[in-house]
Amino acid sequence: MSVTHLNKYIKCPVTFYYENIIRVPAAKNEAMAFGSAIHFALKRLFDKMLASGNGTFPGKNEFVEDFLWEMNRNKGSFNSPQFERRKELGMEILPEYYDKWVNSWNKIVVTEFDIRNVEMDGIPLNGKLDKLEFDKHEVNVIDYKTGIAANGLKKLKPPDEKDPAGGDYWRQVIFYKILMDELRPKRWTMVSGEMDFIEKEEGKVKDFVKIKVPVTKEAIIFVKNQIKDTWQKIMNHEFSKGCGKDDCYWCEFVKGQFRI
């Protein structure tokens, strides 16, 4: 189970069934392809800094070139207007993002850290963490987010009366903490997670946003219970009840089948 699986099942078991159990084929959409290109360029940026031997980041033009290379590699995921629009967006925001953070980035990092085949109470977990920042043995886990920052910020809220399950991004941070704690041999301690929004937040002063999320014992217990509950429901094949939202493709698909 990954945090993507967990979030998807909590949001809509019917969607989880079609996309993760049946695995209905789906092409990579423009948002996914754009996000992949951004992630690729950021990984290359930090990997090149590490390879330099002296902590020097490549220039922002090279950063943008890596983004464009990956965009062209996945050009089939866009129609022509989408490709041009997303390419222009990346060329606009990445140089500004670079200038904003290049002098403050932690240079003791690991990029795209893969965690596989760990277990929490007998439940297999896995995940790929975009970047780990180190302060000796303490770790801050970074996750890059593309898309409108204001929408993402809503997903960082912990459980409340309006959303008793908590936001997807909040749950993601706590899930990563659980992953890191279950990793053996245990070398590092995750003390926080951080959502790094690549697009500027709208407002009086448009600016880039990073939000650090502390991890608490209460939050860990809460998400562990969500993992256990979700895993048990998946094992019990509980996929019949969806979210029922009008904009949910698979719930609407199922309704259509029953109408026939």
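Here's a check for you: in region 41-61, which residue that is within 17 Å of Ile198 (Cβ to Cβ) and part of a helix (DSSP H, G or I) is farthest from the chain's Cα centre (by Cα)? Please lay out each step first, then the result.
First, pick out the residues of region 41-61 that are within 17 Å of Ile198 (Cβ to Cβ): 41-46, 57, 60.
From what's left, part of a helix (DSSP H, G or I): 41-46, 60.
Values: Ala41: 16, Leu42: 14, Lys43: 14, Arg44: 18, Leu45: 19, Phe46: 18, Lys60: 24 Å.
The qualifying residue farthest from the chain's Cα centre (by Cα) is Lys60.
Taking the residues in region 220-260 that are polar (S, T, N, Q) and under 25 Å from Val118 (Cα atoms) as candidates, determine which candidate is surrounded by the fewest Cβ atoms within 10 Å (Cβ to Cβ). If you could, list the steps in order and put the result at the bottom.
So the first thing to find is which residues in region 220-260 are polar (S, T, N, Q), and the list is 225-226, 230, 232, 236, 240, 257.
Filter again for under 25 Å from Val118 (Cα atoms), leaving 225-226, 230, 232, 236.
Numbers: Asn225: 10, Gln226: 20, Thr230: 21, Gln232: 11, Asn236: 8.
So the residue we want is Asn236.
Any residue at all in region 162-174 that is within 28 Å of Leu45 (Cα to Cα), touching a residue at least 40 places away in the same chain (Cβ under 8 Å) and in a loop (DSSP other than H, G, I, E, B)?
The answer is no; no qualifying residue exists.
In region 193-219, which residues are surrounded by fewer than 16 Cβ atoms within 10 Å (Cβ to Cβ), out of contact with any Ser or Thr (no Cβ under 8 Å at 6 or more places or on another chain), within 30 Å of Pro95 (Cα to Cα) and not acidic (Asp, Glu)?
Matches in region 193-219: Gly203, Lys204, Val205, Lys206, Lys210.
Scanning for something touching a Leu at 6+ places or on another chain (Cβ under 9 Å), surrounded by 12 or more Cβ atoms within 10 Å (Cβ to Cβ) and among the β-branched types (Val, Ile, Thr), does region 122-139 turn up at least one residue?
The answer is yes, given that some residue of region 122-139 is touching a Leu at 6+ places or on another chain (Cβ under 9 Å), surrounded by 12 or more Cβ atoms within 10 Å (Cβ to Cβ) and among the β-branched types (Val, Ile, Thr).
Residues that are more than 19 Å from the chain's Cα centre (by Cα) and of a type outside the set (S, T, N, Q): list the strands (runs of 3 or more DSSP E) wholly contained in region 97-161 that include at least 2 such residues.
Values: elements: 109-120, 123-135, 138-145.
Passing ranges, in order: 109-120, 123-135.
For region 242-255, how many residues meet the condition of being closer than 18 Å to Arg23 by Cα and either touching a residue at least 12 places away in the same chain (Cβ under 8 Å) or among the small types (Gly, Ala, Ser) (or both)?
Residues that pass the stated criteria total 7.
For Lys60, indicate whether it is surrounded by 12 or more Cβ atoms within 10 Å (Cβ to Cβ), touching a Phe, Trp or Tyr at 6+ places or on another chain (Cβ under 7 Å) and either closer than 18 Å to Asp130 by Cβ or not acidic (Asp, Glu) (or both). Let's see the steps before the verdict.
Details: surrounded by 12 or more Cβ atoms within 10 Å (Cβ to Cβ): yes; touching a Phe, Trp or Tyr at 6+ places or on another chain (Cβ under 7 Å): yes; either closer than 18 Å to Asp130 by Cβ or not acidic (Asp, Glu) (or both): yes.
Judged against the criteria, Lys60 is a match.
Coordinate-derived values only; no laboratory data. Because the structure is predicted, anything quoted here is derived from the model rather than measured. Please note: Cβ atoms are built from the backbone with ideal geometry, for glycine as well, and neighbour counts cover all protein chains shown.
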